[in-house]
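Derivation of every value follows stated rules applied to the coordinates shown; laboratory data play no part. This is a predicted model, so every value here is computed, not measured. Neighbour counts run over all protein chains shown; Cβ positions are idealised from the backbone, glycine included.
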Amino acid sequence: MKNKYKLIYEGKAKKVFNHDDSDKVIIEFKDDATAFNALKKAKFEGKGKLNCQISARIFELLIKNNIPTHFLELKNEKTIIAKKIKVIPLEIVLRNNAYGSLCKQTTIKPGTFLAKPLIDIYLKNDELNDPLITKDRIELMKIISSEDLDLIIDLTLKINVILKSFFKKIQLKLVDFKLEFGFDSKNNILLGDEISPDNCRLWDLNQKNDTIVSLDKDRFRNDLGGLIEAYSEINRRIDNFI
């Protein structure tokens, strides 16, 4: 990124720069991988490019299906241009199957299909380790109104229907995913952040005997290896489909 643009914010996986248009930002995807609230860190050459390409095409899919997002266009292989939003400090996790923290915190067995998608909401706060939070606590902390929260939940359920169908067509099971939202300059709620194997749990449906093969960040979390190969495979399948 040239010095022409000022760095506004740097997160674990992306850098956000200003844009000539004050209502837009430039988002650059990094090669960094983090897990367990950044207690585990590594770099994978090519990861930023893959997540950028995957996110761009999934955002385009969602926009075609009338989901309001911050995505505007792909700037280059590792960078997108997006609408500037004020990020809501909540992480919305939707689960179609039980896995990860849900199984550690309950008696539900890993892989269990959930008859109704489960939405868990976490406070986006690294110092507090992103705790699970209730609707009443969100109201108590005055993070957003109950009406806005209902809208976000409704959007999340709609996004799940779109993504589940899309990923199934490319032989991937959407186990769960994490979303972030924000307000634009006109106070509209938009889907932000990214949609990639970094924040979606995706299992390969081309396996026999219900063998679980993760094609997502669990390859890094669980020391399975082959992270770039997994992300590349998802990118290849999207390329072949779209």
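Worth pointing out:
- Put simply, when 52-58, 29-35 are sorted by average Cβ atoms within 10 angstrom per residue, most first, you get 52-58, 29-35.
- For a straight C-alpha distance cut-off of 19 angstrom, the aspartates and glutamates reachable from Lys169 (same-chain residues fewer than eight places away being disregarded) are Glu60, Asp204, Asp210, Asp216, Glu233, Asp239.
- A full extension of the chain between Glu60 and Ile81 corresponds to an added length of 6.3 nm, given 0.36 nm per residue minus the alpha carbon distance.
- Whether region 1-94 is rounded, prolate or oblate, judged on the alpha carbon gyration tensor where a/c under 1.5 counts as rounded: rounded
- Distance from region 186-206 to region 116-156 (C-alpha centre basis), Å: 17
- Reciprocal mean inverse distance between Cα atoms of the chain - Kirkwood radius, Å: 18.6
- Stretching Asn125 away from Ala38 to a fully extended chain increases their span by 30.1 nm, per 0.36 nm per residue minus the current alpha-carbon distance.
- Positive-pole candidate from Leu90, Thr34, Pro131, dipole of the chain, charges at beta carbon: Thr34
- Segment Ala115-Lys208, extension gain: residue separation times 0.36 nm, minus the distance between their alpha carbons: 31.2 nm
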